Structure formats: structure tokens, C-alpha cells
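**Student:** Handing you this structure, nothing more for now.
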Amino acid sequence: MGLKFDYKIGQTPLDENEKEGLKISSISTQGELDEFEQLNIEKAVEWTIHTRLKLEKILTEKFIKDLHKKMYGDVWKWAGKFRNTEKNIGIPRIQIGIELKNLLEDTKYWIENITFSHEEIAIRFKHRLVSIHCFPNGNGRHSRIMADIIMESIFKNEIFSWHQSNMVKANETRRQYIKALKEADNGNYTTLIEFAKN
């Protein structure tokens, strides 16, 4: 009898092979899994705070993968590796590399040309990254931390508060977040920026 996953609104289910990537065999409930992941993520955030990150390093495929590995590497074997399965959201897996490269190039252009405000650049990046859905799981949390890194390390601004909540737990917050993402899908980033700041 393995771990039974309790997916929240908007979360992407793992396939059977991905579930087998769980490194800690003692985990038997979704609550325990959430706790282990949260501890791992906190370690990753600590690392980002104590590492001098430069634009050239941040806006690379290597950094995107390294950050995901730091966030989930204690818990999942596939942490930091692009997904090799199709999901109910995200682009076809064979396009991940090229779409990510396009996003990184676009973001460098936005920064150099001050195309949008700092907040909007970080949020546009976050939104496109989560839409690509690079990894089997953890894309939402990963993209939010990436937006924070862009705000702090590239723009020297305050990081977003993201409702200062554990997104996995709070259903109403999660609903607002999904709604804001859907508006961003249609080119309106205002709600997502507001959500990030509150």
C-alpha cells in the first residue's frame, strides 16, 4: 500500500513512474510528503539568499534545473530533470528546451529594453515558465521562487509576498491564484501581479 496522493485544485497528477521517484520510503501520507517538500524548499530558499546570483547565471536552463533540484532533490529522484511525460497542462514535452530558451531570450530582451516594469517582467517570466511546465511536479512553487529571484537578484527589489501562505494548504488562496493565472493566459497580468504583492 503506497502513498495516496491528494491533489489540490490545479495540481498536476504524477504518473506511476514519477511516483516511484520518491526517495523517502517512510512517507505514507500527503501531509508527510508536503512537510518533507516544504523543508527541502526552505533549504533551497536559504541557498538563494546566501548565494550571489547574477543575471547571466539566473537566466539559463542550468539554473532553472539546479533550482528545481535544490527545491526537491531530497525528496524526488527526478528533481531538476525535465519531464518526459505529457501532462494535462503545459506544452508537449519535446518542446520544453526550445520554449524555455525562447523565454530566457525574451526575458533578457525585456530587461535590457525596460519593456515592462520590474514587477511585470518577473510575473511574465513566472507565468510563461509555469505554462511550459518543465518538471513532473513543483512547477508552481518553482516559478514563484524564480520570480522572487528575478525581483531580488536582478532588480534589487523586495520579493513578492504571494499571500504569505502555503499555497498547498489554502484552497481559497489557490483559487485566486488559478484565476489570476487564467487571466494572464489571456494577456492580462494585473491580477497576477496584485496576487503576488498581497
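**Student:** Please specify each residue of the range 37-52 satisfying the condition of being more than 25 Å from ILE27 (Cβ to Cβ) and among the aliphatic types (A, V, I, L, M).
**Tutor:** ILE49
**Student:** Moving on to the next point. Which residues, taken from the range 12-39, are within 14 Å of the chain's Cα centre (by Cα) and either surrounded by fewer than 17 Cβ atoms within 10 Å (Cβ to Cβ) or in a helix (DSSP H, G or I) (or both)?
**Tutor:** Selection gives GLU37, GLN38.
**Student:** Please note which helices (runs of 4 or more DSSP H) are completely contained in the range 93-198 and include at least 1 residues that are modelled with pLDDT under 95.
**Tutor:** 139-149, 171-185, 190-197
**Student:** Inside the range 108-129, can you point out the residues that are out of contact with any His (no Cβ under 8 Å at 6 or more places or on another chain) and either closer than 17 Å to ALA180 by Cα or buried (at least 21 other Cβ atoms within 10 Å of the Cβ) (or both)?
**Tutor:** Of everything in the range 108-129, those that are out of contact with any His (no Cβ under 8 Å at 6 or more places or on another chain) and either closer than 17 Å to ALA180 by Cα or buried (at least 21 other Cβ atoms within 10 Å of the Cβ) (or both) turn out to be GLU119, GLU120, ILE121, ALA122, ILE123, ARG124, PHE125, LYS126, HIS127, ARG128.
**Student:** Within the range 49-92, which residues are closer than 17 Å to PRO136 by Cβ, in contact with an Asp or Glu (Cβ under 9 Å, 6 or more places away or on another chain), of a type in the set (A, V, I, L, M) and not in a loop (DSSP other than H, G, I, E, B)?
**Tutor:** Of everything in the range 49-92, just one residue is closer than 17 Å to PRO136 by Cβ, in contact with an Asp or Glu (Cβ under 9 Å, 6 or more places away or on another chain), of a type in the set (A, V, I, L, M) and not in a loop (DSSP other than H, G, I, E, B), namely MET71.
**Student:** Give just the number: which of (1) among the hydrophobic types (A, V, I, L, M, F, W, C); (2) part of a helix (DSSP H, G or I); (3) farther than 26 Å from PHE160 by Cα does PHE5 not satisfy?
**Tutor:** Only one criterion in (1) among the hydrophobic types (A, V, I, L, M, F, W, C); (2) part of a helix (DSSP H, G or I); (3) farther than 26 Å from PHE160 by Cα is unmet by PHE5, namely (2).
**Student:** Next question, about the same structure. Just give me the residues in the range 54-64 being touching a residue at least 24 places away in the same chain (Cβ under 8 Å) and surrounded by 16 or more Cβ atoms within 10 Å (Cβ to Cβ), in sequence order.
**Tutor:** ILE58, LEU59, ILE64
**Student:** Do we have ILE154 as of a type in the set (A, V, I, L, M) and touching a helix residue (DSSP H, G or I) at 6+ places or on another chain (Cβ under 7 Å) here?
**Tutor:** Here the answer is yes, as ILE154 does meet what is asked.
**Student:** Okay, moving on. Can you tell which of ASN88, ASN139 is closer than 30 Å to SER26 by Cα, among the polar types (S, T, N, Q) and buried (at least 21 other Cβ atoms within 10 Å of the Cβ)?
**Tutor:** So the residue among ASN88, ASN139 that is closer than 30 Å to SER26 by Cα, among the polar types (S, T, N, Q) and buried (at least 21 other Cβ atoms within 10 Å of the Cβ) is ASN139.
**Student:** Out of the residues in the range 174-198 meeting the condition of being touching a residue at least 24 places away in the same chain (Cβ under 8 Å) and under 14 Å from ARG128 (Cβ atoms), tell me which one is surrounded by the fewest Cβ atoms within 10 Å (Cβ to Cβ).
**Tutor:** ASP185
The values are calculated or read from the model by the stated rules, or taken from the named source; none is laboratory data. Model, not experiment: these values are computed from the prediction. Here the Cβ is made from the backbone with ideal geometry for all residues, glycine too, and neighbour counts use every protein chain on show.
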